[in-house]
Amino acid sequence: MSTYILMRILESIPSRYDRGIRILTLGKLDEVYDRLTSHIKKGQRVLDVGCGTGALALRAAKKGAKVKGIDINSRMLEIAERKAKELNLNENTEFIEMGVAELGEEKDESYDVVMSGLCFSELSDDELEFTLKEIRRILRNGGMLLVADEVVPESNVKRIVSWIVRFPFVLIAYILTQTTTKPVRNLKEKIERAGFKIELARWNKLGNFVEILARKAEQEGKYG
Ligand SMILES: C[S@@+](CC[C@H](N)C(=O)[O-])C[C@H]1O[C@@H](n2cnc3c(N)ncnc32)[C@H](O)[C@@H]1O
């Protein structure tokens, strides 16, 4: 899973993104996304933040949810749209070029589920704090947040091992794209602080990738 950093290279060639990520993660990301979207029900209003080529959004739409996918990369969105048409899911999906900074335009309590895969690690700390606060606002009471992303391991040993394993990939990605991802530190705590109750958190063996199911808590978060 440390090879996720190489997705930065794939993002610059969207036509290869799906196949590339499947090879890099040995199909494990598909399993993660199948598990996450298994919580989605027919008729739910779902937002996919940083939807890319629609891996999560299309899974949710297949389950009968009404899905909006947002992303800042128009070429990734074109692929998502094309896939939706091929799968006859275009009635249930819309893909919009929009960044997390524009989440303020979404109405209060207008979604049952907000999900995000491998996008939070591309945001700055301030952007992530803002995004979580906005997600809480646009979710209905008791609504669900589903996240899968790269994180900094909690234990010191795993942190060192993860750093060593990731380093060559970080270097390759940086040389080729001049960008990198930033595994999220204390993601679980950040989600709780934003006013969510964690119902499920599942880490990989190295502790550097987590899947989270959280629910909007009644009480407001510390971010207000
Ligand atoms: C690694 S890709 C993951 C795409 C998709 N969620 C998936 O799992 O296949 C991360 C995506 O986040 C998007 N992204 C990065 N920063 C963003 C922002 N500020 N607002 C919205 N999307 C963003 C990127 O354009 C990219 O498509």
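The values are calculated or read from the model by the stated rules, or taken from the named source; none is laboratory data. Predicted model only: the values in this text are computed from it and were never measured. Glycine gets a Cβ as well: all are built from the backbone with ideal geometry, and neighbour counts include every protein chain shown.
Checked against (1) surrounded by fewer than 18 Cβ atoms within 10 Å (Cβ to Cβ); (2) part of a helix (DSSP H, G or I); (3) basic (Lys, Arg); (4) modelled with pLDDT of 95 or more, residue 197 passes all but a single condition, namely (2). In region 34-43, is there at least one residue being of a type in the set (A, V, I, L, M, F, W, C), exposed (fewer than 15 other Cβ atoms within 10 Å of the Cβ), away from the ligand (no atom under 13 Å from the Cβ) and at pLDDT 70 or above? Checked region 34-43: no residue is of a type in the set (A, V, I, L, M, F, W, C), exposed (fewer than 15 other Cβ atoms within 10 Å of the Cβ), away from the ligand (no atom under 13 Å from the Cβ) and at pLDDT 70 or above. One residue is enough: does region 124-136 have a residue meeting the conditions touching a residue at least 12 places away in the same chain (Cβ under 8 Å) and in a strand (DSSP E or B)? Looking through region 124-136, none of the residues is touching a residue at least 12 places away in the same chain (Cβ under 8 Å) and in a strand (DSSP E or B). Under the condition of being surrounded by fewer than 23 Cβ atoms within 10 Å (Cβ to Cβ) and closer than 13 Å to residue 52 by Cα, the residues counted in region 81-100 number 9. In this structure, is residue 9 among the aliphatic types (A, V, I, L, M), part of a helix (DSSP H, G or I), at pLDDT below 95 and near the ligand (Cβ under 10 Å from one of its atoms)? For residue 9, the condition - among the aliphatic types (A, V, I, L, M), part of a helix (DSSP H, G or I), at pLDDT below 95 and near the ligand (Cβ under 10 Å from one of its atoms) - is not met.
Can you say whether residue 192 is out of contact with any Phe, Trp or Tyr (no Cβ under 8 Å at 6 or more places or on another chain), exposed (fewer than 15 other Cβ atoms within 10 Å of the Cβ) and at pLDDT 75 or above, as far as the supplied structure shows? Answer is no for this residue. With the checklist (1) buried (at least 17 other Cβ atoms within 10 Å of the Cβ); (2) modelled with pLDDT of 75 or more; (3) more than 30 Å from residue 139 (Cα to Cα); (4) among the small types (Gly, Ala, Ser) in hand, flag the one item residue 155 doesn't pass. All conditions pass for residue 155, except number (1).
Each residue in region 30-56 was checked for being in contact (Cβ under 8 Å) with a residue 40 or more places away in the chain, assigned to a helix (DSSP H, G or I) and of a type outside the set (Ser, Thr, Tyr), and 5 pass. Considering region 57-77, the residues that are assigned to a helix (DSSP H, G or I), hydrophobic (A, V, I, L, M, F, W, C) and modelled with pLDDT of 95 or more include one that is farthest from the ligand (Cβ to nearest atom), namely 61.
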